[in-house]
Amino acid sequence: MVAEKSNEQTNKEDKLDVLKSTQIVIHKALERLGYPEEVYELLKEPLRMLTVKIPVRMDDGSVKIFTGYRAQHNDSVGPTKGGIRFHPNVTEKEVKALSIWMSLKCGIVDLPYGGGKGGIVCDPREMSFRELERLSRGYVRAISQIVGPTKDIPAPDVFTNSQIMAWMMDEYSRIDEFNSPGFITGKPLVLGGSHGRESATAKGVTICIHEAAKKCGIELQGAKVVVQGFGNAGSYLAKFMHDAGAVVVGISDAYGGLYDPKGLDIDYLLDRRDSFGTVTKLFNNTITNKELLELECDILVPAAIENQITEENAHNIRAKIVVEAANGPTTIQGTQILTERGILLVPDVLASAGGVTVSYFEWVQNNQGYYWTEEEVEEKLEKVMVKSFNTVYETSQNRRVDMRLAAYMVGTRKMAEASRFRGWI
Ligand code: NAD
C-alpha cells in the first residue's frame, strides 16, 4: 500500500516535471520531422550548465551565499539568449527547461539565436535595493566568462526588471573594459533599451489572441477574458485586451483573484498594483486562483507560473481559447484534455515569444547604434508574430497535431539543421 502510494506520488511529480514533459514533446516533434535519435540526444538537455555561488554582503553586515545558474541550450544557430529569474523556487531543472523553451521560441519566430536561461535562488521581495544590486553584480562576475554580446545575452524574467539589467550591464562593461549595451536586453531606454520592450511579451500575446480569435470566429469586441497573473506579462495583457474592447472579467496574482462579470476596472488595478504584480491584497472580495481558472470566458490567459492547467482541472476549463503567456502553465495531460474538448490552445513557446523578439530588436539596435521609434518596433513585432502564429497554425492543421506539438516541430527544425550543417550530428 505504501509502495503503491509512492509510485502514485512519483507519477504525479513526473507529470509536473517541466524538463521531462518538454523532453517528451521534443522527442515527438523530432520523430514527426523524421530526425534520427541522436538529434534528440543533442537537444534534450542544454549544451552547457553553469552553477555558481554568489557571496553577498547583506545590509546587516552578514554574508549570505546565493546559488545561481546559467544554462545554454544550443548555440548552433547563434549566441544563446534568455532571461534571468530571481525566485525562491528556482531549480536547476527549471532553468534547463526554460533554456530549451527559449531555443524553441527563437526557432519559431526565426531569430538568429539559440536558447539560454539564468536563475538565482532568492526572494527579491525580502531584499533591499542595495542587496539586490550586490546580488545582480555578483551574478554577472560569476558567469562573466561564458556570457557576452556574441556568446550569450541575458534579459529580464520573473522578478527581474530594467534596473537589474542596468546594474548587470554596468558590471559587465567594467569587466569587459568597454561600454557593452549588447551584453543584455531589457535595459532602460537611456542605456540603450528599446521602445516597446517592457510590454513586448503582452503585445505578442495580444497579436496571437487576435489571430486565434479570427480562426475560432470570436469577435474580440465584448469577448470575456480571464488573466491569471498581474505582473509584467499579465497586467499589460489585461490592459491591451481592455483597450481592444474585450471585457476582462477576472485577474489574479499570487494571493488570489478578482472577478466581476461586468468587467474589472483595469486602469485602476494597474495603478494600484505593486512592482511584484500584487494587487488583490487590497480587496476583501477575492476568489482563489483555482476558481479563477475555471471561470466561464471566451479567452483564458495563464500569465503567472507553471503547471496551472493539469489533468485535475482541464475538464473544468470553460474558455474557448487558452493562450499561454506564462512558460509551461499547462501539462501534457492538460494539453491533451483541452485539445480533445475542442479548446484551441496557443502554446507558450509561440504566444510569449514577443519578449525575445523585441529583445532581439534591442540587440540589433545596440549593435548598429541606431535606434527605432516605438511605431517601427510595433510594426516589426506584429509582422513577426502574425507570420509565426500562422506557420504554427498551418503546421498543426496540415500535420493534424495540436498547436504545442506543431510549435515544437517548427521550433526544433532550424536548430537541428544548423547542428547538422556544423557537423555536430
Ligand atoms: P512577474 O514577476 O512580473 O509577475 C508574475 C505574476 O504572477 C504576479 O502577479 C504574481 O503575483 C503572480 N503569481 C506568482 N505566483 C502565483 C501563483 N502561485 N498563482 C497565481 N499567480 C501567481 O512575471 P512576468 O514577467 O509577468 O512573467 C509571468 C510569466 O510569463 C512567467 O512564466 C514568465 O516566464 C513568462 N514570460 C515573461 C516574459 C516577460 O518578458 N516578462 C516573457 C516570456 C514569458
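The values are calculated or read from the model by the stated rules, or taken from the named source; none is laboratory data. Please read these numbers as outputs of a predicted model, since none were measured by experiment. A quick note on method: Cβ atoms are made from the backbone with ideal geometry, for glycine too, and the neighbour counts reach across all protein chains shown. Please note that ligands, DNA and RNA were not included when accessible areas were found on the heavy atoms of the full protein model with its side chains. Shrake-Rupley method; radii C 1.70, N 1.55, O 1.52, S 1.80 Å.
Rg of the Cα atoms in the range 318-425, relative to 2.2 N^0.38 Å, amounts to 1.26. In the range 258-330, the C-alpha radius of gyration followed by the widest Cα-Cα span (Dmax) gives 12.9, 36 angstrom. Per residue, the solvent-accessible area of the range 318-395 (1.4 Å probe, heavy atoms of protein chains only, all protein chains present) comes to 38 Å².
Here the chain has 48 percent of its accessible surface on carbon and sulfur atoms, given a 1.4 Å probe and all protein chains in place.
Note on the range 302-385: dipole from Cβ charges, positive end direction compared against G355, G369, Q308; the farthest Cα belongs to Q308. For S180, the amide hydrogen comes within under 5 Å of the amide hydrogens of S173, counting only partners 5 or more places away or on other chains and with H modelled in the peptide plane.
Among the listed pairs K44/K387; K239/K262; K320/K380, those whose Cα-Cα separation exceeds 20 Å are K44/K387; K320/K380.
Panel note: the C-alpha atoms of the chain, placed on their principal axes, show extents of 59, 55, 54 Å (largest first).
For the range 302-352 and the range 205-248, what is the separation of their Cα centres, given in Å? Answer, in whole Å: 15. One compactness figure for the range 17-83 is 1.62, namely its Cα radius of gyration divided by 2.2 N^0.38 Å.
Two decimals is fine: what is log10 I(q)/I(0) at q = 0.14, 0.23, 0.25 Å⁻¹ for the range 52-106, from a Debye sum with one equal scatterer on every Cα and no solvent? Evaluating at q = 0.14, 0.23, 0.25 Å⁻¹ gives log10 I(q)/I(0) of -0.48, -0.89, -0.99. Probing with 1.4 Å while keeping every protein chain in the model, the per residue accessible area of the range 85-154 equals 32 Å².
For the range 190-326, the equivalent ellipsoid built from the Cα gyration tensor has semi-axes of 21, 19, 15 Å, listed from largest to smallest.
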